[in-house]
Amino acid sequence: MEKKVIFVLMFLLLFCFVVSADTINNYSVKDPVALGQDATAYGLFQDTDANVHENVLCSFYMLDSNLVLIDRADDQYTDSLGYFMSKFTINEPTFKRSDTYTLRTVCGGVSSDANFTIGQRESLSHVGGQEFDYLTSPENTDTVFIWGIFIIILIIVAFAGIKIFNIGWGK
């Protein structure tokens, strides 16, 4: 008898999860997105069990190609019909040109993902800017310091060699 009761309770529990499914429909993100423009996500949240669509909190997250969190966009509430929309400005150096990113939207207990690409060609100044940002970031300054000391030591050794061996240019 106890096995039948446990089986019925498990069936009812599974039935509740299957019947009460929240969904995000018509989810879309503008693709491609140019730098300096907005990545726009919109869709329709539907709560099938409680029939509540209005004022559901939706959060938006930017993820890289490995689905690692880059930035949190913002939070929005759904309108009276369940629609939501969010805009997030795409800027360098956080987003690299020609890479693909994911915008994840979480409404209530359900989430949906859409990919978009940064659609501008990479320029030489962008590469130089990235290298400068890398060299000046706090976690990389120790490497720059070590290389700087190494270069200064090489310059001192070169000038000492010139003085010791009495090498002169143009004599």
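So if I check each of L81, L12, which one is at pLDDT below 90 and in contact with a His (Cβ under 9 Å, 6 or more places away or on another chain)?
L81
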*Residues in the stretch 68-81: is at least one assigned by TED's automatic domain parsing to the domain that holds N91 and within 16 Å of I118 (Cα to Cα)?*
yes
*asked:* Quick check on G128: is it modelled with pLDDT under 85 and closer than 22 Å to T94 by Cα?
replied: yes
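Kindly indicate which of D142, D31, D133 is part of a helix (DSSP H, G or I) and in contact (Cβ under 8 Å) with a residue 40 or more places away in the chain. Let's see the steps before the verdict.
Values: D142 fails: in contact (Cβ under 8 Å) with a residue 40 or more places away in the chain; D31 fails: part of a helix (DSSP H, G or I).
Checking each option against the conditions leaves just D133.
The values are calculated or read from the model by the stated rules, or taken from the named source; none is laboratory data. Everything numeric here is computed off the predicted structure, so don't read it as measured data. So basically every Cβ, Gly included, is an ideal-geometry build from the backbone, and we count neighbours across all protein chains shown.
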